[in-house]
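Okay, structure first, notes after.
Bear in mind that the values in this text are calculations on the coordinates, not laboratory data. Because the structure is a prediction, the values reported are computed rather than measured. Here Cβ is always computed from backbone atoms with ideal geometry, including for glycine, and neighbour counts include all displayed protein chains.
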Amino acid sequence: MGLYGSPDLSKKYGSPEDIKEAKKKRKLIISTQVIVLIVLYLILMVSNENRFIMTVSYIGVLSMVYFFINFAMTIVKLIKKQSVNKEVIKLFICIITFIICGILL
């Protein structure tokens, strides 16, 4: 809505259809990533006898990969002078997960 309840004719924030399409694309990417990770995990489990150690190692490696990705995103957001609160939380979660995996091994 525009000023004093008049309709917004400027399309400044995009049309509702564009917003819905952007949300759908993001969900598709996340679900594809989850499927690929599950398939890789199942391939590892078929080829190994010691499933516990392989699972802990897999989670540890994934936490390292996500740590580097989130660290790069944090640097990019700092350069763009954007908020990095969510990325810092993700970095702490990755560090804690990696430490727990190290303790279990």
Query raised in the report: Residues of region 84-98 being of a type outside the set (K, R) and over 16 Å from Y58 (Cβ atoms), which ones?
Result: V84, N85, E87, V88, I89, L91, F92, I93, I95, I96
Report summary line: Scanning region 62-105 residue by residue, those under 29 Å from L44 (Cα atoms) and either of a type in the set (F, W, Y) or surrounded by fewer than 12 Cβ atoms within 10 Å (Cβ to Cβ) (or both) turn out to be V65, Y66, F67, F68, F71, A72, F92, I96, F98, G102, I103, L105
Query raised in the report: Here is a list of conditions, (1) more than 14 Å from the chain's Cα centre (by Cα); (2) loosely packed, with under 11 Cβ neighbours inside 10 Å, and N48 meets all of them except one; can you say which number that is?
Result: (2)
